[in-house]
Amino acid sequence: MYSSIDILGNSGLLKQAISGFTPRDSQQQMADAIERTLDLDAQLIVEAGTGTGKTFAYLVPVFLREKKTIISTGTKNLQDQLFFKDIPIIKDLLSTPRKIVLLKGRANYLCQYRLTSSREDGRFASRQQISQLQEVFEWSAGTQTGDIAELTTIPEDSAIWPYVTSTPDNCLNQDCEFYNECFVVKARQKALDADIVVVNHHLFFADMALQEEGFGELLPGAEAIVFDEAHHLPEIASQFFSTVISARQLNELARDTEVEGLQSAKDIAEIGGATTQLQIAVQDMRSALGMELRRSVWPDPLTKQLQEVIERIKMRLARLDEILKPIAMRSKGLENCSRRVIQLIERFNLLTGKTPPDNIHWYETHLQSFTLQLTPMIVAEFFKRFMSQKKRAWIFTSATMTVKQSFQLFVDTMGLNDAIKLQLKSPFNYQQQAILYVPRGLPDPRSGNYIEMLIEAVIPVLEAAQGKTFLLFTSYRAMEKAAEMLKGAVPFPLLLQGTMPKRELIEQFKKLGNAVLLGTSSFWYGVDVRGDALSCVIIDKLPFTAPDDPILQGRIQMLRKQGMDPFQTYQLPQAVITLKQGAGRLIRDHEDYGVLMICDPRLVGNRYGEVFLQSLPEMTRTRDLTKIQEFFKTKATI
C-alpha cells in the first residue's frame with residue numbers, strides 16, 4: 001500500500017508522472033497530518049500558504065484511505081477544477097476504480113415540470129425570454145444530465161432560469177409526474193453510490209439543513225469531509241442557519257398559483273384577482289422600504305406606511321390560503337401552492353414581528369425586490385451539534401485562516417475547540433519575488449478627495465508595471481469612480497467588473513497581457529493568474545466591513561454585552577483575513593514577481609496596522625516610488 005510520501009516525495013509517483021512537479025515539504029507535512037486525521041476520525045484545521053499544493057495534499061490521503069468522502073469547495077470554479085483536472089490525475093496515477101461524482105445545487109438542473117408549466121403558461125416579460133424558453137426546450141430533448149451549464153448560449157443571470165429550475169419551496173418531490181426522470185434525483189442517486197463526492201459549501205449546508213428536517217440523504221453516509229477554501233464557511237453557515245423570506249418567493253407563489261389554477265381550477269375565478277393583489281402588495285412593500293439599495297437593521301418601530309403594507313400582505317396571503325384549501329386536492333401543483341402559502345404566512349409573520357433573542361433582524365433591498373432575514377448571532381452551536389451526530393474525519397483548509405498566526409477567530413466561529421491546528425508557510429520566496437508598497441501622502445480613506453488622490457498615486461505604478469494590474473476595491477462606488485478617472489489617463493486596456501462574466505474578464509486579462517482589471521469583492525479570492533500578465537495588485541483601502549452593515553452591528557452589540565472589544569475580536573480579524581485573500585492574488589508561482597500596493601495610510605499610521613503587516617507574507621517593504629520603478633525595470637531585463 002502506498003503512503004503519501006510515495007506519491008508526493010522527491011522520488012514519488014507525481015514527480016515521475018507530471019513534468020514540472022516540484023515536491024514540497026509543506027505539502028508532504030499537510031498530507032501526513034490529513035492521513036492521521038482520517039485514521040483517527042479527528043478534526044484538523046490547516047492554513048496552507050499559497051503554493052503549498054494543498055489540493056494534492058488532501059486528495060492523495062483521501063484516495064489512499066478509501067473512506068467515503070465529501071469534498072466541499074468555496075467556488076464553482078474550484079469545484080470544476082477538482083473534478084475535471086486534479087482528481088483524474090490522482091485517480092489515473094493510482095489506477096483506482098473509485099467512483100467520483102460532481103454534484104451541484106438543484107438550481108443548476110433543469111426541472112421538467114416547471115419547463116412544461118412555463119411553456120403552457122406562455123406569459124413572459126420579453127420576446128428574449130420566449131426565445132430562451134424555446135432554446136431550453138430544444139436542449140432538454142437531448143441532455144443526459146440536465147445540467148444547465150451545458151446550455152452556454154444563455155447567460156448565467158438570465159431571467160428564464162427560475163422558470164425552468166426548481167427550489168425547495170416549489171419542488172413537488174415524489175408527487176411530481178416527472179419524478180422518475182428528475183435530473184436532481186438522478187444526480188443525487190449517483191452521489192449516494194459514489195466514493196468521493198465533490199460539492200460546494202452552499203450545497204453542503206443545504207443538505208445539512210435538509211438533514212435537520214429529516215430529509216438529508218448525502219451526508220449521513222460520509223466518513224470524511226474536506227472543506228477547501230474553508231475561510232468562506234462562517235459566512236455561508238450563517239446564511240443557511242438564517243430564516244429568510246424574499247419578494248421573489250412571494251411573487252413566485254403568486255405566479256405558480258395562477259398557472260396551476262389555469263390548469264386545474266379554471267372555475268375558481270377568484271384565483272387571478274387574489275394573486276394579482278398579492279403581487280401589488282409586495283411591490284408596495286418594496287416602495288415602503290425606500291428606493292435606495294441598502295442592507296439595514298429591521299426598523300423598530302415600523303413606519304406607518306410599512307406597517308400598513310405588511311398588514312395588507314398578511315391579508316392577501318390569508319385570502320390565498322382561504323381559496324386554496326378547498327381545492328388543493330385537485331392537483332399536486334395546487335397542493336404544493338397551498339402548502340407554500342401556509343409556510344410563507346408563518347415566515348412572513350416571524351420576519352415582520354419582534355426580533356427573537358440572539359438573532360440579527362435585518363433586510364436588504366434590490367432594484368425590484370427585497371429580502372428579510374433573521375440571522376443567528378452564533379453558528380458554532382449549530383455546527384457542533386451537527387458534527388457530534390456521527391464519528392467522522394473533518395478537515396478544514398485554506399490559505400487564509402489565521403490572524404497574527406492564530407486560528408482563534410475561525411475556531412470560535414465554527415466551534416472547533418477540539419481540532420488539531422497546523423500552519424504551513426508558503427514555499428514562495430516573497431522577499432525576492434515581491435515588494436509591499438504603501439505610498440506616502442494619501443489622506444484618510446474617509447476623506448472626500450480620497451479616490452482622486454489614490455488615482456494620482458496609482459498611475460505611476462501602472463506605468464511602471466506596464467498595466468498587468470488588478471486594482472481591487474472595497475466598494476462598487478469607489479470602483480466605478482476610479483474607472484471613470486482612469487479612462488484616457490493610462491494607455492492600457494481597462495477591464496471593469498460587471499461588464500462581462502468573471503471568467504471572461506480573466507481570460508481577456510490574460511490574453512491582453514497589459515490590462516488593468518478593476519474589481520470588487522469577488523476578485524479578492526478564487527482568481528489564479530500566473531506569469532507575466534499579472535505583476536501588480538493594488539488595494540484601495542483596508543477591507544473593514546461597512547459600519548452600517550446590519551450583521552456587523554448585531555455582532556458588535558452581542559460582543560459588547562459579553563464584555564468584549566468588538567474591534568479587536570471581530571472587526572479587525574475579519575479585515576485581516578480579507579486583506580490576505582486580496583494580497584494572495586499576486587504571487588501564484590515560483591517564477592512570479594510583483595508589487596502589492598496597499599493605498600491605505602492606516603496600515604503604517606495606526607497601531608492596528610501592525611496586525612495586518614504581521615499577517616501578510618514576509619515581503620520587502622517600501623514607501624519609495626522610485627524603488628517600485630527600479631524593481632519593474634530590473635525584472636523587465638531578466
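Observations on the structure shown:
- Residue check, Thr55 at negative phi and touching an Asp or Glu at 6+ places or on another chain (Cβ under 6 Å): yes
- Test result for Arg65, farther than 19 Å from Glu229 by Cβ, in contact (Cβ under 8 Å) with a residue 60 or more places away in the chain and out of contact with any Ser or Thr (no Cβ under 7 Å at 6 or more places or on another chain): yes
- Every test in (1) out of contact with any helix residue (DSSP H, G or I) (no Cβ under 7 Å at 6 or more places or on another chain); (2) buried (at least 21 other Cβ atoms within 10 Å of the Cβ) is passed by Pro97 save one, and that test is (2).
- Against the numbered list (1) of a type in the set (Ser, Thr, Tyr); (2) touching a Lys or Arg at 6+ places or on another chain (Cβ under 9 Å); (3) at pLDDT 95 or above, Thr402 comes up short only at (3).
- Failed item, numbered, when Leu289 is tested on (1) under 23 Å from Gly333 (Cα atoms); (2) surrounded by 14 or more Cβ atoms within 10 Å (Cβ to Cβ): (1)
- Scanning region 139-180 for residues that are exposed (fewer than 12 other Cβ atoms within 10 Å of the Cβ) and more than 27 Å from the chain's Cα centre (by Cα) gives Ala141, Gly142, Gln144, Gln174, Asn180.
Residue-wise test of (1) more than 30 Å from Ala224 (Cβ to Cβ); (2) in contact (Cβ under 8 Å) with a residue 24 or more places away in the chain.
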| residue | (1), (2) |
| --- | --- |
| Phe84 | no, no |
| Leu93 | no, yes |
| Arg127 | yes, no |
| Ala141 | yes, no |
| Asp147 | no, yes |
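- Pairs linking a residue in region 437-451 that is in contact (Cβ under 8 Å) with a residue 60 or more places away in the chain to a residue that is surrounded by fewer than 11 Cβ atoms within 10 Å (Cβ to Cβ), with Cβ atoms under 8 Å and 6 or more positions apart or on different chains, are Pro443/Asn449.
- Residue satisfying condition, being at pLDDT below 90 and out of contact with any Leu (no Cβ under 8 Å at 6 or more places or on another chain), within set Gly584, Gly563, Gly554: Gly554
- Search result, residues across region 219-246 that are at pLDDT 95 or above, in contact with a helix residue (DSSP H, G or I) (Cβ under 7 Å, 6 or more places away or on another chain) and either surrounded by fewer than 20 Cβ atoms within 10 Å (Cβ to Cβ) or within 30 Å of Thr276 (Cα to Cα) (or both): Ile245
- Filter result for Lys391 (in contact with a Leu (Cβ under 7 Å, 6 or more places away or on another chain), among the basic types (Lys, Arg) and at pLDDT 90 or above): no
- Of all the numbered requirements in (1) buried (at least 16 other Cβ atoms within 10 Å of the Cβ); (2) free of Cβ contacts under 8 Å to residues at least 60 places away in the same chain, Gln249 misses one, and that requirement is (2).
- Among the residues making up region 509-560, those that are outside any helix (DSSP H, G or I), free of Cβ contacts under 8 Å to residues at least 60 places away in the same chain and β-branched (Val, Ile, Thr) are Val516, Thr520, Val527, Val529, Thr545.
Table: residues versus (1) out of contact with any helix residue (DSSP H, G or I) (no Cβ under 8 Å at 6 or more places or on another chain); (2) assigned by TED's automatic domain parsing to the domain that holds Gln279; (3) within 30 Å of Thr52 (Cα to Cα); (4) in a strand (DSSP E or B).
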| position | (1), (2), (3), (4) |
| --- | --- |
| Gly353 | yes, yes, no, no |
| Pro357 | yes, yes, no, no |
| Phe383 | no, no, yes, no |
| Asp444 | no, no, no, no |
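The values are calculated or read from the model by the stated rules, or taken from the named source; none is laboratory data. In this text the structure is predicted, and so the values were computed from the model without any measurement. For neighbour counting, all protein chains shown are included, and Cβ atoms are generated from backbone atoms with ideal geometry for every residue, glycine included.
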